[in-house]
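Only one structure is covered here, and it is reproduced in the block below.
Nothing in this text is a laboratory measurement; each read-out follows from the coordinates by a stated rule. All figures in this text were calculated on a predicted structure; none of them were measured in a lab. Reconstructed Cβ throughout: ideal geometry from the backbone, glycine too, with neighbour counts over all protein chains shown.
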Amino acid sequence: MEPLGKTFLWIGAIFLIIGAFFVFGSKLPFISSLGNLPGDFKIERENFRFYFPFATSVLISVGLSLLLYLWNKFFH
């Protein structure tokens, strides 16, 4: 049962961090600028809006990949 308990503790810690980003993220300058990066596409017409956050998606992907790489390197 010990591995299951450790898993639940890690999941809880991850949810705590995600919740903190939702609560305090708008006050951090690097978090509040996500979605308005130079590579994010915005097309606005009279009856049409298109928004594709390409640069934001790439940045988040690289960050999560780095985080998971470090997790795998140090905890396995």
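For LYS73, no lysines have a Cα falling under 17 Å of its own Cα, not counting residues fewer than eight places away in the same chain. Using the alpha-carbon positions of the chain, Rg (one decimal) and Dmax (whole number) come out as 17.4, 59 Å.
Against the chain, whose longest principal axis is taken from its Cα atoms, helix 54-75 shows a tilt of about 10°.
List the relative contact order of the chain as a percent without decimals, with contacts defined as Cα pairs under 8 Å and 6+ residues apart.
On the way: 35 pairs, mean separation 12.7, N = 76.
Relative contact order for the chain comes out at 17 percent.
Relative to the longest principal axis of the Cα atoms of the chain, the long axis of helix 2-24 makes an angle of roughly 30 degrees.
Taking label points 7 Å from Cα along the Cα-to-Cβ direction, SER57 and VAL23 give a separation of 3.1 nm. Extension gain for LEU37 to ILE11 (0.36 nm times residue separation, less C-alpha to C-alpha distance): 6.3 nm.
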